[in-house]
Amino acid sequence: MTLKVGVIGTGMIGQDHIRRLTRVLAGVEIVGVSDLDRKRAAGAAPEGARVFDTPQSLIHSDAVQAVVICSWGPAHEEQLLECIAASKPTFCEKPMVTSEAAALRVIEAEVAGGRRLVQVGFMRRFDADYRRLKTVIDGGSLGAPLMFHSAHRNASVPPGLYTSEMPLNDTLVHDADISRWLLSDEIVGVEVRLPRRSRQGSDLRDPHFVLLHMAHGAIVDVEISVNIGYGYDIRGEVSCEQGVAALPNRPATVVSDVNGVRQSIPADWRERFIEAYDQEFREWIAAASAGTATGPTAWDGYAATLTADAALRAVASGGYERIEMIDKPGFYDTPQALAAE
C-alpha cells in the first residue's frame with residue numbers, strides 16, 4: 001500500500017523532506033502541498049501533486065491520508081489540532097508548538113481521541129550512533145549515568161534570520177530531547193551561563209552553556225555555538241559509574257599524511273543527519289500506513305517546550321529555573337508510544 005501524504009510548508013526543511021519522500025523512500029506518495037507562498041509551493045510540488053490554497057483544505061482532503069507539517073512554528077498548534085480532529089497521522093517538525101498551553105491542548109486532543117497520531121521531528125533518536133550509545137547505557141555494563149556532555153556547534157546562521165532567543169528555543173530542544181531519551185529521565189531544572197560573546201554573528205548572543213538537571217540526579221551540560229565557523233560538529237559523551245561512552249566523530253575516517261592527521265567535518269545538519277532523517281521517515285511511513293504514529297510523542301514535544309521556556313527564564317534570572325510538568329498521561333506509556341525508544 002502507498003501512503004498518500006500532504007506537506008504543509010515548502011521552505012528549506014519542507015523541500016528537503018519532499019526530496020526524501022519522492023526520491024529516497026518507498027511506500028509513500030506526495031499528493032498535495034500547501035504554503036503561504038503559493039508560487040514556492042507550486043515550485044516544490046512533485047509532478048501530479050495538488051497545490052492547496054490553505055493547510056486546512058489539505059488536511060481535510062479525502063486524497064490525503066497523512067500529513068507532514070514543516071510550517072512556521074506558531075502555526076503548528078492549529079494545524080496539529082486539525083490533523084487530530086481529522087484522525088490523520090501527522091509528522092510535525094520541531095518545535096511542536098511554541099508555548100506550554102499550546103502543547104497541553106495538543107496532548108489533550110490526542111489523548112481524547114484515544115490514538116497516537118503525532119510524531120515530532122527529533123531526528124537524533126533515529127541516528128545509528130545515538131541508538132548505539134543508548135544501547136550501551138540501557139545495557140547497564142557501565143553502571144548508572146552520572147553526566148552527559150553534549151556539544152551542538154553550527155558553522156553559521158543566516159544574518160537577520162536567527163534571533164538571540166533561538167539557540168535556546170530552537171537549538172536546545174534537540175539536546176534536551178536526546179538527553180531525556182538517552183537517560184530515560186525527565187528534566188526538572190535548567191541553568192544557563194553566558195560566556196564571553198563571540199565576535200562571529202554580529203549582535204547574536206552566542207555561545208550558550210546550559211545545565212540540565214535530571215530527575216534522578218544526573219546533570220547534562222550543553223554547549224551551544226551557532227557561529228563557530230569550522231563546520232557542523234555534534235558531540236556527546238556519557239560519564240557513568242564504571243566507564244564512559246561517547247559518540248564517534250562524523251565522518252569517522254581519519255586521514256594521516258605529510259600534512260598531519262585530520263578528519264572532515266560535516267558542513268551542516270543535512271550532511272550530518274541525512275541517514276537519521278531517512279530512518280525517521282521510514283519508521284513514520286510504516287506507522288502512518290497503519291493509522292498511528294511512532295517515535296517522539298506530543299509529550300516529548302511538551303517536555304522540550306518547557307525546557308526551552310525554563311532556559312529563557314534562566315538567562316533573565318541568572319539562576320536555577322525549575323520545570324513543573326503535569327502528570328504524564330498513561331496513554332504515552334503504551335507500546336506504540338514507546339516504539340522508537
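Values in this text are rule-based calculations from the coordinates and carry no lab data. Everything numeric in this text was worked out from a predicted model, so none of it was measured. Cβ coordinates were reconstructed from backbone atoms using ideal geometry, including for glycine residues, and neighbour counts include every protein chain displayed.
Applied to the stretch 203-219, the Karplus parametrisation 6.51 cos²θ - 1.76 cosθ + 1.60 on θ = phi - 60° returns per-residue 3J(HN,Hα) values of 8, 5, 7, 7, x, 10, 10, 10, 10, 9, 9, 8, 4, 8, x, 5, 10 Hz, with x for Gly and Pro.
Taking the helices alone, the chain has a mean residue ellipticity at 222 nm of -10000 deg cm²/dmol, built from -39,500 (n - 2.57) per DSSP H run of at least 4 residues and averaged over all its residues. Rounded to two decimals, the Cα radius of gyration of the stretch 78-181 over 2.2 N^0.38 Å is 1.31. Membrane-span-like helices in the chain, defined purely by DSSP H runs whose alpha carbon atoms cover 15 Å or more axially and whose average Kyte-Doolittle hydropathy reaches -1.0, are 100-113, 128-139, 172-183, 269-289, 298-317.
Distance between the modelled labels on ALA252 and LYS39, one decimal in nanometres: 4.7 nm (7 Å Cα→Cβ projection). Highest-first packing order for the peptide set 80-90, 226-236, 166-176 is 166-176, 80-90, 226-236, based on the mean count of other beta carbon atoms within 10 Å.
Within the stretch 1-91, which chymotrypsin sites (Phe, Trp or Tyr not before Pro) sit in a loop by DSSP and count at most 13 neighbouring Cβ atoms inside 10 Å? In loop regions of the stretch 1-91 (DSSP not H, G, I, E or B), the sparsely surrounded chymotrypsin sites (Phe, Trp or Tyr not before Pro) are TRP72. Short to long, the 10 Å bins of the Cα pair-distance histogram for the stretch 1-109 hold 16, 51, 29, 5 percent of all pairs. The spread of Cα positions in the chain, taken along each principal axis and listed from longest to shortest, comes to 54, 52, 41 Å.
Taking a Cβ cut-off of under 13 Å around TYR162, the surrounding Lys, Arg, Asp and Glu residues balance to a net charge of -3, with basic ones at +1 and acidic ones at -1. In a simple Cβ point-charge model (Lys, Arg +1; Asp, Glu -1; nothing else charged), the stretch 204-257 has a dipole of about 140 debye relative to its Cα centre. Under the convention that each Lys and Arg Cβ holds +1 and each Asp and Glu Cβ holds -1, the size of the dipole of the chain around its Cα centre is about 700 debye.
Along the stretch 236-249 the Karplus relation, 6.51 cos²θ - 1.76 cosθ + 1.60 evaluated at θ = phi - 60°, assigns HN-Hα couplings of x, 9, 9, 9, 10, 5, 10, x, 10, 10, 9, 5, x, 6 Hz to successive residues, with x for each Gly and Pro. For the pair ARG322 and ALA85, label points projected 7 Å from Cα toward Cβ lie 3.7 nm apart. Across the options ALA311, ILE274, TYR332, the greatest Cα extent toward the positive end of the charge dipole of the chain (unit charges at beta carbon of Lys, Arg, Asp, Glu) belongs to ILE274. Against the empirical 2.2 N^0.38 Å (N residues), the stretch 176-310 has a Cα radius of gyration ratio of 1.27.
Counting only DSSP beta bridges with both residues in the stretch 128-222, the antiparallel share comes to about 70 percent. Annotation: peptides 118-129, 140-151, ranked by per-residue average of other Cβ atoms within 10 Å with the highest first, follow the order 118-129, 140-151.
For the stretch 218-240, list residues with backbone N below 14 Å from a point placed 7 Å from the Cα of ARG193 toward its Cβ? Within reach of a label on ARG193: 220-224.
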